[in-house]
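What follows is a set of notes on a single structure, which appears directly below.
The values are calculated or read from the model by the stated rules, or taken from the named source; none is laboratory data. Quantities reported herein were computed from a predicted structural model and do not represent experimental measurements. Methodologically, a virtual Cβ is constructed for each residue, glycine included, from the backbone with ideal geometry; neighbour enumeration extends over all protein chains shown. Each accessible area value is taken on the protein alone, full model and side chains, heavy atoms only, with ligands, DNA and RNA left out. Shrake-Rupley method; radii C 1.70, N 1.55, O 1.52, S 1.80 Å.
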Amino acid sequence: MRQLLVQVPHGYGKEVLNIAQAYDATNTARVEAMGNDEPVELIVVHVSNQKVEGFLGDLESLPNLQVTLIPRGVIAMQPPADEAPEQVTDVKARSPIEIFLAGLQSVGSWKAFLGYAAAAGVVVWIGLYTNTTYLLVAAMLIAPFAGPAMNVAIATSRGDAKLLKRTLLRYFVALAVTIVVAGTLSFILQQEVVTSTMSDTSKISAVAVLLPLVAGAAGAVNLVQSERSSLVSGAAVGMLVAASLAPPAGLIGMASAMGRWDLAINGVFVLLLQLVGINLSASLVFRSYGLTPKGARYQRGKKGLFPAVLAVTFVTLLGLLFWQFSDSPELQRSSREQSANQAIQQVVDDSDLVELVEANVRFPTPNIPRQNTLLVVMYVQRRAGVTESAEIISDRLTQTVQAELRNQGFNVTPLVSVNVLSAPDTQN
């Protein structure tokens, strides 16, 4: 429930109360006051979140209307006293006008915004350079990407071309600052070696599209929910959005400074995938909660902009997915590692020589031009009664695993190392 302070010229207070009554307002009050140069009436109204925009729309016909919307949840209780628990548990989502105005209000000063983007670039660079995971988490917390991401979705849902242009500009400027800062630091220190964290960040899963879709939906739901009905903090949701953007932005800067364009391209792909995925899911959520081109105190939205932007977003997403699945394994390394591991497990299960102890399968940092190296390190144990030498077992398994990976179309150069282990002799 929201509290509104409505100021109208003297004599219009009763009309405000009648309108408020039609919207089931509670704990209303009317007092006479003095405005700048004439007597006015000040009406205090408490209205359910979902009815705020409709209430404001009906007030528009009143002359010299001034409204103060307090963007904080209030608990308005009225008789009978024993119904208080039912009254306060009826929590509604925020009104569309409040969501929209809050998005506009979050467009703060450029100085602070760029400062946070630069700070995120420094922290994400340190995390990637030193293989320090918790610093990547810290970079996600301070990266200012969640605000523009949600505002782009709000502008899409509202059909607001002006807001869309402004937020897209902030979006890409923030990303550019983070990329440039990370790249500059790598250039100054003359970095030449790709760290393991950089390599891991560049690996993309076949289901990578799910992260931006979930992040966008979660961010939108967090903004539309009333603060007392949300079980997740805004900072946590903002971190989820930034998790999709901060590490790949840092990777692009560092890889570009090193001349590792293969890694930089992977980072660009991830970044584009996150941008369109977040906008697609978030704008649909906002639309489902009533953010439309026209509303109370908002008339500049264009009806055709929402389907147009949504169509461009969807087509771009399909194009990125086509790129991902037509360029195997470059943009599917993470999921390919899992698939290869399963194939190796099946090879060992079908073997009558050994049992699998452990298999480590990974794509190392690309160093050999035009070769997708898949490094396989296997630890196996002889089955009972097997007398073949370790060399024979190793050669057979190596050939079988390499043939299996090639037959399944992994499009890799499998380098396999088999370590044959023996259990201790229990008779000694």
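Over all other residues within a Cβ to Cβ distance under 15 Å of Ser283, the charged ones net out to +3, with Lys and Arg as +1 and Asp and Glu as -1. Measuring only protein heavy atoms, the 1.4 Å probe finds Tyr379 accessible over about 80 Å². Each of Ser339 and Lys14 was given a label point 7 Å from its Cα along the Cα-to-Cβ line. The distance between the two points is 7.6 nm.
Given springs between every Cα pair under 10 Å in a Gaussian network model of the chain, which of Asn27, Asn411, Asn372 has the largest fluctuation? Taking springs between Cα atoms under 10 Å, the residue moving most is Asn27. Pairs from the table (Lys111/Lys165; Lys203/Lys302; Lys51/Lys303; Lys165/Lys294; Lys51/Lys302) lying more than 29 angstrom apart at Cα are Lys203/Lys302.
This model, with +1 at the C-beta of Lys and Arg and -1 at the C-beta of Asp and Glu, gives the chain a dipole about its Cα centre of some 1400 debye.
Dividing the summed helix terms, -39500 (n - 2.57) for each DSSP H run of n ≥ 4, by the number of residues in the chain produces a 222 nm estimate of -18000 deg cm²/dmol to the nearest 500. Does segment 1-68 classify as rounded, prolate or oblate by the C-alpha gyration tensor (a ≥ b ≥ c root eigenvalues; a/c under 1.5 gives rounded; else a/b over b/c gives prolate, otherwise oblate)? Since a/c reaches 1.5 and a/b is larger than b/c, the shape of segment 1-68 is classed as prolate. For the chain, the longest principal axis of the alpha carbon atoms and the long axis of helix 261-288 meet at an angle near 40°.
What order, most packed first, do the peptides 140-152, 203-215, 57-69 have when packing is the mean number of other Cβ atoms within 10 Å of each residue? List each step's numbers first, then the result.
Details: 140-152: 24.2, 203-215: 19.1, 57-69: 14.1.
Taking the mean over residues of other Cβ atoms within 10 Å, the ranking is 140-152, 203-215, 57-69.
The long axis of helix 305-326 is offset from the longest Cα principal axis of the chain by roughly 10 degrees.
Over segment 247-331, what relative contact order in percent results from Cα pairs under 8 Å that are six or more residues apart? Provide the component values of the computation, followed by the final result.
Values: 46 pairs, mean separation 21.6, N = 85.
Across segment 247-331, relative contact order equals 25 percent.
Measuring spread by the Cα atoms of segment 155-203 yields a radius of gyration and Dmax of 16.6, 47 Å. What the chain shows is 49 Å² of accessible area per residue, with the surface traced by a 1.4 Å probe over protein heavy atoms.
Would you please give the FRET efficiency between Ala118 and Ser389, computed as 1/(1 + (r/R0)^6) with r the Cβ-Cβ distance and R0 = 60 Å, to the nearest 0.05? The computed FRET efficiency comes out at 0.50.
Over the chain, all Cα pairs binned in 10 Å intervals from 0 give whole-percent P(r) values of 4, 17, 21, 18, 15, 11, 7, 4, 2, 1, 0, listed from short to long.
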